[in-house]
1. Could you please find all residues in the stretch 245-276 being surrounded by fewer than 18 Cβ atoms within 10 Å (Cβ to Cβ), touching a residue at least 12 places away in the same chain (Cβ under 8 Å) and in a helix (DSSP H, G or I)?
2. Hey, could you check the stretch 123-136 for residues that are in a loop (DSSP other than H, G, I, E, B), in contact with a Lys or Arg (Cβ under 8 Å, 6 or more places away or on another chain) and touching a residue at least 60 places away in the same chain (Cβ under 8 Å) and say which is surrounded by the fewest Cβ atoms within 10 Å (Cβ to Cβ)?
3. For Leu16, are the conditions met, namely being aliphatic (A, V, I, L, M), modelled with pLDDT under 95 and touching a helix residue (DSSP H, G or I) at 6+ places or on another chain (Cβ under 6 Å)?
4. Collect the residues in the stretch 75-102 that are in a helix (DSSP H, G or I) and either without any contact (Cβ under 8 Å) to a residue 24 or more places away in the chain or over 17 Å from Ile181 (Cβ atoms) (or both), keeping them in residue-number order.
5. Could you please find all residues in the stretch 351-376 being touching a strand residue (DSSP E or B) at 6+ places or on another chain (Cβ under 9 Å), farther than 20 Å from Leu28 by Cβ and not in a loop (DSSP other than H, G, I, E, B)?
6. Restricting the stretch 58-73 to residues that are assigned to a strand (DSSP E or B) and touching a residue at least 60 places away in the same chain (Cβ under 8 Å), which is surrounded by the most Cβ atoms within 10 Å (Cβ to Cβ)?
7. Which residue, of Gly107, Gly157, Gly139, is crowded, with 19+ Cβ neighbours inside 10 Å and either on the phi > 0 side of the Ramachandran plot or part of a loop (DSSP other than H, G, I, E, B) (or both)?
8. Of Pro365, Pro350, Pro339, which residue is within 30 Å of Asp55 (Cβ to Cβ) and surrounded by 14 or more Cβ atoms within 10 Å (Cβ to Cβ)?
Amino acid sequence: MRPLEGLVVLEFCQYLSGPSATLRMADLGARVIKIERPGAGDGSRQLFLNNLARDEESVLFHTINRNKESYAADMKNPRELERLKLLIRQADVLVENFRPGTMKRLGLGYEEVKALNPRIVYGSITGYGAEGPWKDKPGQDLLIQSLAGMAYLNGNGDQPPTPFALAIADMLTGAQLTQGILACLVRRGITGEGGYVEVSLLESMLDFQFEVLTTYFNDGGKLPERSLVNNAHAYLGAPYGIYETKDGYLALAMGSVERLGQLLGSAEIAAFSDSKEWFTRRDEIKGLLVDHLKQRTTKEWLGVLEPADYWCSDVYTWDDLLRHEGFKILDMIQEVGRPGEIPIRTTRCPIRIDGERIKSGVGAPKVGEGNEKIDQDFQLKGML
């Protein structure tokens, strides 16, 4: 039995942040019912990555909505809204990620839902919080990264602001919401009280930067200065970064520059014995490493550094990673799909419970595919 089996989660969400939160709850055993507009459904059904589709819908949608049910309902239709309210009375969790005020205008804000079901845990995701001058701005991942200052951490110092090349704000915000919901469910198990969990993309990205923002707050407000050479962390000194070798790349983490020079056979690098200079003269040191590391292959350098327990790594492509036994032993790939259709290969839930890896082959639902069963299971038609 998975930890959340028996819980009913209603998802009033689109795109990535909210669905990523309910995906994790579905992985952990909850029954997740995705409330969608009749016809088009969730907008991410047509959000194609690399033009990749399956059954005329985006592979992204199939991936992030696996193991869920779809209930199609027009929330502006009074009769269908009443049916949803009957469903809410029987649910444990409700998650929504619309702009502030949208659910309230539909009569499904937290206070209205709490009146229907005092034990429910209600989770809300916004872009910038429910108040303030940005509350009505579109909460889109790239825009959030840009406003949060994150783009000035990536790339070299002479390069323009560089965003993370994936939807990091959406995914981490979904994870934050899941944590809050699970905490409220634990409290409910003790007190019987539901709760209201609010997270925003912007606050999640500020929390994600707590390490570097704390440095900024306590360093006189000095802005981070990215290294001009192989920048990997604006506040760390040499050798931290990724370097080209004779046949590939080598990642070097924190460590003594003096010892590194000794291991690499470079007296010039080893001469930097003052640890303070590893930051103040990092570009100079990194420049020396750039020239020196090109002389031998990645495998040769690893053969020197790894036995000495110097923190380093090869730099893999996904092809390299998937071929390696270190990846294969994790058993991270699963296939999901709809009956009669070609399955999609994707990652599994990264959590193990009691030693068991969590997998499920149930694919994403079609719009409204679960209406009949959900009506029957929750007696939605007979109760009106």
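The values are calculated or read from the model by the stated rules, or taken from the named source; none is laboratory data. Here the structure is a predicted model, which means the values were calculated and not measured. With ideal geometry, Cβ positions are generated from the backbone for all residues, glycine too; neighbour counts draw on all protein chains shown.
1. Glu258, Arg259, Glu268, Ala270
2. Taking the candidates together, the pick is Gly129.
3. Criteria not met by Leu16.
4. Of everything in the stretch 75-102, those that are in a helix (DSSP H, G or I) and either without any contact (Cβ under 8 Å) to a residue 24 or more places away in the chain or over 17 Å from Ile181 (Cβ atoms) (or both) turn out to be Pro78, Arg79, Glu80, Leu81, Glu82, Arg83, Leu84, Lys85, Leu86, Leu87, Arg89, Thr102.
5. Passing the criteria: Asn371, Lys373, Ile374, Asp375.
6. Restricting to residues being assigned to a strand (DSSP E or B) and touching a residue at least 60 places away in the same chain (Cβ under 8 Å), the top hit is Tyr71.
7. Being crowded, with 19+ Cβ neighbours inside 10 Å and either on the phi > 0 side of the Ramachandran plot or part of a loop (DSSP other than H, G, I, E, B) (or both) holds for just one of Gly107, Gly157, Gly139, which is Gly139.
8. Pro365
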